[in-house]
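Nothing in this text is a laboratory measurement; each read-out follows from the coordinates by a stated rule. The structure displayed is predicted, hence computed values, not measured ones. Cβ atoms come from the backbone with ideal geometry, glycine included; neighbour counts cover every protein chain shown.
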Amino acid sequence: MANPNSVDVAVMRSMLSRARGLGSAKSGTAHWWAQRVTAIALVPLALWFVASVIGLSHQPRAAVLHWGAHPLNAALLLALLVMLLHHMQLGLSVVIEDYVHVPGRRLMAILAMKAITALLLFASVISVVRLAVSF
Amino acid sequence: MSDVREALMVGRGSTGKQVRRPLSPHLQVYRLPLTARLSILHRITGVGLAVGALVLVWWLVAAATSDGAYATVSAVLRSPIGYLALFAWSVALWYHFCNGLRHLGWDFGHGLDLAGARRSNMFVLAGTAVLTVLTWLIALAAQ
């Protein structure tokens with residue numbers, strides 16, 4: 001840049017015509033808030049789950065079935081899975097938004113990630129229900 | 001103007017004079033401070049834990065399916081690579097856990113100054129180390 005005073009700075013401003021009429025989405029904090037709420041829920045749930053897995057780690061499948069058949073464990077597992085997968089989906093969306101710059105590809109990546117997360121949730125919820133009613 | 005990138009570097013100083021804006025930290029040459037390293041580590045561990053969530057669901061589905069399916073998961077997780085992955089996930093989990101608590105503290109306005117951030121750096125690192133060691137001591141003692 002030879003002479004800084006001669007530089008046209010119009011590029012620094014967004015066009016009013018582009019900004020006008022877009023308005024507020026009115027849900028700007030929803031993502032942020034959901035991430036915090038799920039994070040707070042995951043603090044006790046993660047502690048409980050790690051303690052449970054340590055207890056089960058040296059035992060055969062029968063012990064896992066017995067553990068999962070207890071309604072309290074099944075309820076906590078469902079809470080963990082919903083909070084964990086929702087929290088995961090919120091975080092991965094932001095990661096994809098940050099690093100995938102081509103709009104079409106970005107949308108495809110987010111939709112694929114959400115579809116996989118939903119399937120993981122359904123598969124794990126069915127499994128928990130099956131454990132809960134198996135005894 | 002020779003380059004569009006130059007146009008993006010133009011700003012105005014407090015006196016109104018046009019200035020060339022300072023360059024933001026250049027990731028290849030700028031030595032990131034600890035707070036910045038821990039910040040990106042939160043995202044890296046989060047993505048790693050998402051992979052761990054896949055295995056968690058696999059474990060649950062296998063437990064609900066059959067003895068054979070459960071034996072397969074057990075064998076994979078008890079292989080050397082399985083133990084390595086479990087160890088990595090435990091570190092990632094406790095790091096994300098401790099740093100997540102720090103983020104919640106920041107959300108309430110606690111420790112947002114540099115001194116506070118440096119103190120919580122140590123809390124996060126020490127918490128991760130203590131919880132990881134504790135997890136594996138209890139887990140290995142139970143075997």
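Check which residues have an amide H placed less than 5 Å from B:Val10's amide H, if you skip close sequence neighbours.
Correct list: B:Arg21.
Rounded to two decimals, what is Rg over Rh for the stretch A:29-134 when you use alpha-carbon atoms and the Kirkwood radius? Provide the component values of the computation, followed by the final result.
Numbers: Rg = 16.4 Å, Rh = 15.4 Å.
For the stretch A:29-134, the value is 1.07.
Given 0.36 nm per residue, what is the gain on full extension from B:Tyr30 to B:Leu140 after removing their alpha carbon distance, in nm? Let's see the in-between values first.
On the way: separation 110, 0.36 × 110 = 39.60 nm, distance 4.13 nm.
Length gained, B:Tyr30 through B:Leu140: 35.5 nm.
Please compute one quarter of the surface area of the Cα convex hull for the protein assembly as shown and express it in square nanometres.
Details: hull surface 81.0 nm².
Hull-based average projected area comes out at 20.3 nm².
Which part of the stretch B:83-113 falls in the paramagnetic zone of A:Trp32, meaning amide N under 19 Å from the point 7 Å along Cα-to-beta-carbon?
Within reach of a label on A:Trp32, which here means backbone N under 19 Å from a point 7 Å along Cα→Cβ, the stretch B:83-113 contributes B:100-113.
Taking 0.36 nm per residue of separation and subtracting the Cα-Cα distance, what length does fully extending A:His58 through A:Val133 add?
Details: separation 75, 0.36 × 75 = 27.00 nm, distance 2.33 nm.
Additional length available on full extension: 24.7 nm.
For the stretch B:53-64, take each phi angle, set θ = phi - 60°, evaluate the Karplus expression 6.51 cos²θ - 1.76 cosθ + 1.60, and give the result in whole Hz per residue in order, putting x for glycine and proline.
Per residue, the Karplus-derived 3J(HN,Hα) values read 5, 4, 5, 4, 5, 4, 4, 5, 5, 5, 4, 7 Hz.
Once phi is turned into ³J(HN,Hα) by the Karplus curve 6.51 cos²θ - 1.76 cosθ + 1.60 with θ = phi - 60°, what whole-Hz value does each residue of the stretch B:23-39 show in order, with x for glycine and proline?
6, 6, x, 8, 4, 6, 10, 8, 7, 5, x, 4, 4, 5, 4, 5, 5
Which three semi-axes in whole Å describe the equivalent ellipsoid of chain B, each the square root of 5 times a Cα gyration tensor eigenvalue, listed largest first? Show your work: numbers first, answer last.
Working: eigenvalues 393, 86, 33 Å².
Semi-axes (√(5λ), whole Å): 44, 21, 13.
Sorted from fewest to most neighbouring beta carbons within 10 Å, what does the list A:Trp32, B:Trp94, A:Trp48 look like?
Working: A:Trp32 12, B:Trp94 23, A:Trp48 15.
If I rank by nearby Cβ atoms, fewest first, I get A:Trp32, A:Trp48, B:Trp94.
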